[in-house]
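Have a look at the structure below before the remarks.
The values are calculated or read from the model by the stated rules, or taken from the named source; none is laboratory data. Keep in mind it's a predicted model, so treat the numbers as computed, not measured. Reconstructed Cβ throughout: ideal geometry from the backbone, glycine too, with neighbour counts over all protein chains shown. In case anyone asks, the SASA skips ligands and DNA or RNA and just uses the protein heavy atoms, side chains included. Shrake-Rupley method; radii C 1.70, N 1.55, O 1.52, S 1.80 Å.
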Amino acid sequence: MNAEKKVLIVTGGSRGIGAATSLKAAQMGYSVCINYEKNSKTANQIVGEINSNGGKAIAVQADISSAKEVEQLFKITEIELGALSSLVNNAGISGPRSKLIDLNVSEIKHIFEVNLLGYFYCAKEAIKRMSRSSGGQGGAIVNISSQAAEFGGNHLTPYAASKAAINNFTLSLSREVALEGIRVNAVSPGIIETDQHDFPNEMVLKNKKKEIPMGRLGTPQEVANAILWLLSDKAEYVTGAVLPVAGGR
Ligand code: NAP
């Protein structure tokens, strides 16, 4: 399928990895829906940048932890941009860095509602539209996981567990929809320079870098490159894969 005819939703496209993915996708000819939760200013900046460079983008506010809001997000995208071909399930939260015993129940629930249920709601809406058996053209979904799924999280236990679940979600769903012409893969970033990290001082950052074989953090653009490859026809026989983008970590 020609990228010029492709329509992509990026959840959490207003900042970090989602913003880099939206910008790169637009350069490659995708029409892009940039979903965000609160940050309309940055979402609209990305849309402005894409549209002023000759691309096509819209920003749509929706909290992905609400199935109703997700339904609306997909309906609006279809009306404004046309038939959906691609989804990047990216919006995620790490939650408070804390021992489990110090988290309250609503904090724990919210991490799973965004990082896990939100991905399920979005995938369901995407599959409804992409499935060949319901008249769709097939498509591709990329879920953003984390290397925390493999190595655990340092006082981020619900976050790491939600990402481990995303790896299994990716594999199970890829098998379920393979004959519908839909590929489902995941990218598993290491430590990437985004708002998700707030290193308290230079020393902590220096020590973090020492844990990474390549000796540096990754950039959102480097993760976006992997996502766009998995979405593209160049990866047409790749499904159910979890691709680490982590500098060897
Ligand atoms: P980020 O810079 O913190 O941006 C998060 C994005 O998600 C924002 O666009 C935010 O929207 C959106 N968002 C948060 N909650 C949402 C909700 N309930 N509904 C809709 N949108 C919501 O994040 P990032 O670092 O780029 O991370 C992106 C993904 O990569 C996440 O799934 C994260 O877990 C994963 N990841 C990141 C790293 C890393 O080192 N950065 C490593 C491994 C995995 P607003 O702007 O409106 O708040």
- Rolling a 1.4 angstrom probe over the protein heavy atoms, how many square angstrom per residue are accessible across region 1-60? 44
- Could you please state how large a percent of the accessible area of region 94-204 is carbon and sulfur, counting protein chains only and using a 1.4 Å probe? 53
- Message: Keeping all protein chains in the complex and leaving out DNA, RNA and ligands, what accessible area do you get for Asp233 with a 1.4 Å probe, in Å² to the nearest 10?
- Response: 70
- Where the centroid of each part is defined by its Cα atoms, how far is region 109-125 from region 1-51 in Å? 20
- Query: Going by alpha carbons, how many degrees (0 to 90, nearest 10) lie between the helix axis of 220-231 and the longest principal axis of the chain?
  - Reply: 40
- Message: Roughly how far apart, in whole Å, are the Cα centres of region 57-75 and region 137-157?
- Response: 21
- Rounded to the nearest 10 Å², the accessible area of Met214 using a 1.4 Å probe with every protein chain kept is 130
- Note on the structure: For region 3-245, averaging the sequence separation of alpha carbon pairs under 8 Å that lie six or more residues apart and dividing by its residue count, the contact order in percent is 20
- Task: For Asp195 paired with Ala83, estimate the spin-label separation in nm (one decimal), with each label point 7 Å from Cα along the Cα-to-Cβ line.
- Result: 3.6
- Item | Under the Debye formula (equal points on every Cα, no solvent term), log10 I(q)/I(0) of the chain at q = 0.08, 0.14, 0.16 Å⁻¹ | -0.28, -0.89, -1.17
- For region 1-134, averaging the sequence separation of alpha carbon pairs under 8 Å that lie six or more residues apart and dividing by its residue count, the contact order in percent is 25
- Query: How much mean residue ellipticity at 222 nm does the chain get from its helices, if each DSSP H run of length 4 or more adds -39500 (n - 2.57) and you divide by all residues, to the nearest 500 deg cm²/dmol?
  - Reply: -13500 deg cm²/dmol
- Query: Hey, got the dipole for region 3-245? About the Cα centre, +1 on K and R Cβ, -1 on D and E Cβ, debye to the nearest 20?
  - Reply: 240
- Taking springs between alpha-carbon atoms closer than 10 angstrom, which of Leu103, Leu117, Leu231 fluctuates most in the Gaussian network model of the chain? Leu103
- Task: Could you list, in their original order, any pairs among Lys24/Lys128; Lys24/Lys75; Lys6/Lys128; Lys208/Lys234; Lys109/Lys208 whose Cα atoms are separated by more than 22 Å?
- Result: Lys24/Lys128; Lys24/Lys75; Lys208/Lys234; Lys109/Lys208
- Whether region 132-238 is rounded, prolate or oblate, judged on the alpha carbon gyration tensor where a/c under 1.5 counts as rounded: prolate
- Provide the gained length on full extension for the span Glu236 to Glu71, in nm with one decimal, where the gain is 0.36 nm per separating residue minus the Cα-Cα distance. 56.6 nm
- Item | Solvent-accessible heavy-atom area per residue, rounded to whole Å², over region 93-152 at 1.4 Å | 51
- So what's the angle, to the nearest 10 degrees on a 0 to 90 scale, between helix 40-52 and the longest Cα principal axis of the chain? 50
- Note on the structure: Length gained if Lys41 through Asn168 is fully extended, taking 0.36 nm per residue and subtracting the Cα-Cα distance, is 42.3 nm
- Note on the structure: Once Phe151 and Lys5 are pulled to full extension, the length gained, defined as 0.36 nm per residue separation minus their Cα-Cα distance, is 48.7 nm
